[in-house]
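Quick notes on the structure that follows.
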Amino acid sequence: MTPGTLAPYAAHDATSRGRRYPEAPPEFRGEFQRDRDRIVHANAFRRLVYKTQVFVNHEGDLYRTRVTHSLEVAQIGRTIAAALGLHETLTEAICLAHDLGHTPFGHAGQDALNECMREYGGFEHNLQSLRVVDLLEERYAEFPGLNLTFETREGILKHCSANNARELGDIGERFLRREQPGLEAQLANLADEIAYNNHDVDDGLRSGLIDLAQLQDVALFAVEYRAVLARYPQATPRRLTHETIRRMINRIVIDVITTTRARIAAAQPRDIDAVRRLSSPLVSMSDEVRALHLELKRFLNENLYRHDRVIGMTTKSRRVLRELFEAFLADVNLLPAEHRNAALEAETTGGVAGRARVVADYVAGMTDRFALGEHRRLFDPDVEA
Ligand code: MG
């Protein structure tokens, strides 16, 4: 298949399951192109610039932030989509939107907010991404949120508890029936993993928290590194590192393309609905590369994400988020007028849980630096409120 040709099992604009609020089709764009464009124009997308991936935004200008991470996910996703005959623009839309609901301070922020919300239905950044595009963005006169197609929303909602699934209607059904999302959604999910595992090696090395010697025990890295070193013995360490990571990504991408092609050929899905009915995803790494990838993941977990300096930052971030949440929940007058009104209104219908949800939406939407600024405003006696 020529790259870019849509396969029958891909998502197609013409057979999209549509938008929650019906709209006339766009004149000069496809449906998924419109989704992608709406995501790029969203406030939540611009906020990703100042949200942590692993390193807090102010630690250095070259580290990944949520927005550069999302762009790398989209790049990897699009490459694989084109090679497999999947819808490249839908893949891109899902990749760009996948982290829209992320809290400030990366996973530390998400964990802290989830703890705060335990009695009020919990907080999950993946579900929050859907909430952002379905409800929280205010940009269009005729509907709340971005009114995206079912396929993009299906891709954003990667996982979901049975309880939440029941409340979500059609988009939650597949979790109850144990079905799959379309291939573009499966791909975006895997592209996310490929992107962060590889770029975290780069960011980790740049920060000095991990070093080249340690990485010699990680096969995926070591094999490529030795090959690059043998071929370019004079290359500077920076070039060696980047050439190695580039080759790692390339190896995994090629592996996903060939493995997935074979799985599609074996399953022979007629269309996207046949893909959805399968009991397991088709987009996948081979067993061999998955094992190597898991080894890299474990290495990053033990040596980077649990490094003293990262843990120190994590502990501080959790405290900041928890204290912000508690302060706003206890006194909604501390919120900007618009959010205060929303909180009071939600409380009349949903009780304290309703108020808490509005506070969680507000806190989750903050960038790292805004959250730190708000924390100073509320808790530092020297700062004027
Ligand atoms: Mg991500």
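Sorted by mean Cβ packing within 10 Å, highest first, what order do the peptides 157-170, 67-80, 309-322 take? Walk me through the intermediate numbers first.
On the way: 157-170: 14.6, 67-80: 22.0, 309-322: 17.3.
Peptide ranking by packing, descending: 67-80, 309-322, 157-170.
Of interest is the spacing of the C-alpha centroids, which for the stretch 286-317 and the stretch 157-225 amounts to 12 Å.
Projecting label points 7 angstrom from Cα along Cα→Cβ for THR349 and ALA235 puts them 5.7 nm apart.
Could you calculate the FRET efficiency of HIS107 with GLU27 from 1/(1 + (r/R0)^6), where r is the beta carbon distance between them and R0 is 56 Å, rounded to 0.05? FRET efficiency, HIS107 to GLU27: 0.85. The residue list TYR9, VAL383, HIS69 was ranked by how far each Cα lies along the charge dipole of the chain toward its positive end, using unit charges on Cβ atoms, and TYR9 comes out on top. Applying 0.36 nm per residue to the separation of GLN268 and ARG322 and subtracting their alpha-carbon distance, the gain on full extension is 14.5 nm.
How would you classify the chain from its alpha-carbon gyration tensor, with a ≥ b ≥ c the square roots of the eigenvalues: rounded for a/c under 1.5, else prolate if a/b is greater than b/c, otherwise oblate? The partial results should precede the final answer.
Working: a/c = 2.01, a/b = 1.14, b/c = 1.76.
Here the chain falls in the oblate category.
Bridging of LYS51 to lysines at a Cα separation below 20 Å is possible for LYS316, once same-chain residues fewer than 8 apart are set aside.
Please state the shape class of the stretch 32-79: rounded when a/c is under 1.5, otherwise prolate if a/b exceeds b/c and oblate if not, all from the C-alpha gyration tensor. Write out the running numbers ahead of the final one.
Working: a/c = 3.83, a/b = 1.59, b/c = 2.41.
Oblate is the answer for the stretch 32-79, as a/c is 1.5 or above yet b/c matches or exceeds a/b.
Dipole size of the stretch 194-310 about its Cα centre, with +1 on Lys/Arg Cβ and -1 on Asp/Glu Cβ: approximately 300 debye, rounded to the nearest 20. The charge dipole of the stretch 311-379, taken about the Cα centre with unit charges on the Cβ atoms of Lys, Arg (+1) and Asp, Glu (-1), comes to about 340 debye, rounded to the nearest 20.
With r as the distance between the Cβ atoms of ASN43 and SER280 and R0 = 30 Å, compute the FRET efficiency 1/(1 + (r/R0)^6) and round to 0.05. Intermediate results must be reported in sequence, preceding the final value.
Working: r = 37 Å, r/R0 = 1.22.
Plugging the Cβ-Cβ distance into 1/(1 + (r/R0)^6) gives 0.25.
Ranked by the mean number of other Cβ atoms within 10 Å of their residues, highest first, the peptides 364-373, 278-287, 100-109 fall in the order 100-109, 364-373, 278-287.
Tell me, what is the FRET efficiency for ARG261 and SER161 to the nearest 0.05, using R0 = 41 angstrom and their Cβ-Cβ distance as r? It comes out at approximately 0.80.
Think of each Lys and Arg Cβ as +1 and each Asp and Glu Cβ as -1; about the Cα centre, that makes the dipole of the stretch 28-310 roughly 540 debye. Ranking PRO144, GLY172, LEU190 by Cα position along the charge dipole of the stretch 122-195, where only Lys, Arg, Asp and Glu carry charges on their C-beta atoms, puts GLY172 farthest toward the positive end.
At most 10 other Cβ atoms within 10 Å and a DSSP loop assignment: could you name the chymotrypsin sites (Phe, Trp or Tyr not before Pro) in the stretch 6-66 that fit? Could you put the intermediate results ahead of the total?
Working: sites: TYR9, PHE28, PHE32, PHE45, TYR50, PHE55, TYR63; in loops: TYR9, PHE28, PHE55, TYR63.
Answer in residue order: PHE28.
Between GLN214, GLN33, GLN186, the GNM of the chain built on Cα springs shorter than 10 angstrom shows GLN214 fluctuating the most.
Bear in mind these aren't lab numbers, they're just calculated from the coordinates by the rules spelled out. All figures in this text were calculated on a predicted structure; none of them were measured in a lab. Here the Cβ is made from the backbone with ideal geometry for all residues, glycine too, and neighbour counts use every protein chain on show.
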